[in-house]
Amino acid sequence: MKVVYADNNASTRVAPEVTETMMPYFGEYYGNPSSMHSFGGQVAKKIDVARQQVADILGADPSEIVFTSCGTESDNAAILGVLRAHPHKRHIVTSRVEHPAVYNLCKYLAQNGYHVTELGVDSQGMLNLNELSDAVREDTAIVSIMYANNETGVIFPIEEIGVIVKQKGSLLHTDAVQAVGKLPLNLAMSTIDLLTLSGHKLHAPKGIGALFIRKGTTCTPFIIGGHQEKNRRGGTENVPAIIGLGKACELAKKYLPDEHTFVKQARDKLESEIMKRAPDARVNGSQINRLPNTTNISFEFVEGEAILLLMNEKGICASSGSACTSGSLEPSHVLRAMGVPFTAVHGSIRLSLSRYNTMEEVDYIIEQIPPIIKRLREISPYGRK
Ligand code: PLP
């Protein structure tokens, strides 16, 4: 059966050009980039190219990029690194809708002697910036607010947030895992101090990430070991994945306009047609400030997992709640924070597209979902059919 992949916020297809660029570094070029000899040195040079490619998509300087193993590591490195570098500051500000990489880390810190302020969101998934301003204190070491939400696609006004954070004399970290490659970024003209990205959300492989650390920001290394990454992250570099991430960033920069034309048109069609054809449904999250590829729809009187199972039978891949927590039947903490009614939280699915989707695939999903919802409602014990 043909697979129609609409789960790109969970992970993306590795671009064929990325695989091709990586291949020689699994075979021919196996030298250690830290070695003195030129066999290793040529690998180090390729890492420099990748660092420049990552810096280019962010509008950053290559010296500000540290390669890590994933988005989760970058989030941990940013928050723990700043806390360790500023031991007298024990307060963190974050939001109630962060990815578990930040959300659960902050919960852990709160249980271990730190003070954490979790900001709520409104029904559109947006933050109240006055509340944010009131929350940042003299002892706030770091404010960690995501750029765009993985479940709903809601985009936060990070630069405005940054202005407030700067006025209050704290540091801003943003988890931009879902934003890089989908939104234009320019860190040269930005208030962001630290930024997380992850390869597998932008057509690079899994197990590679990066952390932007603005020049002059004090951040203690998270992984302590060798002198790699200019003493900012110990461990021999994952050379093929770093080179793949560089290539993926180069491609993402080239294809960025497609996100706001083709991908957005495809998402808008998908969303509006499903809303027309399936009654008692709602789109979760701001209509205006949203990633171009994401839609999160709640269907009343059905279970999201049941929808996904029947979609799976039709070859359609999507998520309910956060993909990283799928397998857990816990209702989404993001939708709950937005005050989405309990019944609608349980019937929510997320569809997320990429430049590799086609309009035929979108039409296929539009054909398949409404009858699935109808069928499930007919057998639902929860009332309205
Ligand atoms: N942050 C966000 C917003 C994400 O969506 C994800 C993954 O879904 C992560 C962090 C974690 O990234 P990784 O899977 O590379 O650890």
> What size of dipole, in debye to the nearest 20, comes out for the chain about its Cα centre when the only charges are +1 on Lys and Arg C-beta atoms and -1 on Asp and Glu C-beta atoms?
Replying inline: 140 debye
> Between residue 107 and residue 330, what length comes free when the chain is fully extended (0.36 nm per residue of separation minus the Cα-Cα distance, one decimal in nm)?
Replying inline: 78.6 nm
> Remind me, relative contact order of segment 157-213 in percent, using alpha carbon pairs under 8 angstrom and six or more residues apart?
Replying inline: 32 percent
> Quick one: ranking 253, 168 by accessible area, 1.4 Å probe, largest first, what do you get?
Replying inline: 253, 168
> Given a 1.4 Å probe, how much area per residue of the chain is accessible, in Å²?
Replying inline: 42 Å²
> Can you list the residues, at least 5 places off or on another chain, whose amide H is less than 5 Å from the amide H of residue 316, using H built in the peptide plane?
Replying inline: 4
>> If each DSSP helix of 4+ residues adds -39,500 (n - 2.57) and the sum is divided by the residues in the chain, what number results at 222 nm, nearest 500 deg cm²/dmol?
In response: -12000 deg cm²/dmol
>> Rounded, prolate or oblate for the chain? Axes are the square roots of the Cα gyration tensor eigenvalues, ordered a ≥ b ≥ c, and the cut-off for rounded is a/c under 1.5.
In response: oblate
> Assuming R0 = 41 Å, what is the FRET efficiency of residue 42 and residue 277, from their Cβ-Cβ distance, to the nearest 0.05?
Replying inline: 0.15
> How much of residue 21 can a 1.4 Å solvent probe reach, expressed as accessible area in Å² and rounded to 10?
Replying inline: 50 Å²
> Stretched out fully, how many nm does the piece from residue 227 to residue 343 gain, at 0.36 nm a residue minus the Cα gap?
Replying inline: 36.6 nm
> Got a number for the accessible area of residue 107? Probe 1.4 Å, square angstrom, nearest 10.
Replying inline: 80 Å²
> Which percent of the accessible heavy-atom area of the chain goes to carbon and sulfur, probe 1.4 angstrom?
Replying inline: 55 percent
> GNM, the chain, Cα, under 10 Å: largest mean-square fluctuation among 347, 59, 225?
Replying inline: 225
> Per-residue HN-Hα couplings for segment 142-148, Karplus 6.51 cos²θ - 1.76 cosθ + 1.60 at θ = phi - 60°, whole Hz, x for Gly and Pro?
Replying inline: 8, 10, 10, 10, 5, 6, 9
> How far is helix 38-58 tilted, in degrees, relative to the longest principal axis of the Cα atoms in the chain, given as a value from 0 to 90 rounded to the nearest 10?
Replying inline: 50 degrees
>> Taking θ = phi - 60°, what integer Hz values does the Karplus form 6.51 cos²θ - 1.76 cosθ + 1.60 yield along segment 103-109, in sequence order, with x for Gly and Pro?
In response: 4, 6, 5, 5, 4, 4, 5
> Dipole of the chain (Lys/Arg Cβ +1, Asp/Glu Cβ -1, origin at the Cα centre): which of 371, 92, 102 lies farthest to the positive side?
Replying inline: 92
> Taking square-rooted eigenvalues a ≥ b ≥ c of the alpha carbon gyration tensor, is segment 135-237 rounded, prolate or oblate, where a/c under 1.5 means rounded and, failing that, a/b exceeding b/c means prolate?
Replying inline: oblate
> Could you give the angle, 0 to 90 degrees to the nearest 10, between helix 359-379's Cα long axis and the longest principal axis of the Cα atoms of the chain?
Replying inline: 50 degrees
> With a ≥ b ≥ c the root eigenvalues of the C-alpha gyration tensor of segment 252-360, is it rounded (a/c under 1.5), prolate (a/b larger than b/c) or oblate?
Replying inline: prolate
> Using the alpha-carbon atoms, what tilt in degrees (0 to 90, nearest 10) does helix 264-277 show relative to the longest principal axis of the chain?
Replying inline: 30 degrees
> Relative contact order (percent) for the chain, with alpha-carbon contacts under 8 angstrom and 6 or more residues of separation?
Replying inline: 23 percent
> GNM, the chain, Cα, under 10 Å: largest mean-square fluctuation among 209, 199, 169?
Replying inline: 169
>> Could you order the peptides 292-303, 4-15, 359-370 from most to least packed, using the average number of other C-beta atoms within 10 Å per residue?
In response: 292-303, 4-15, 359-370
> So what are the ³J(HN,Hα) numbers for segment 11-28, from phi and the Karplus equation (6.51, -1.76, 1.60; θ = phi - 60°), rounded to whole Hz, Gly and Pro as x?
Replying inline: 6, 10, 5, 6, 4, x, 5, 5, 4, 4, 5, 6, 3, x, 8, 8, x, 3
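The values are calculated or read from the model by the stated rules, or taken from the named source; none is laboratory data. Bear in mind that the values here come from a model prediction, so they are computed numbers and not experimental data. For neighbour counting, all protein chains shown are included, and Cβ atoms are generated from backbone atoms with ideal geometry for every residue, glycine included. Quick note on the areas: whole protein, heavy atoms, side chains included, nothing else; ligands and nucleic acids left out. Shrake-Rupley method; radii C 1.70, N 1.55, O 1.52, S 1.80 Å.
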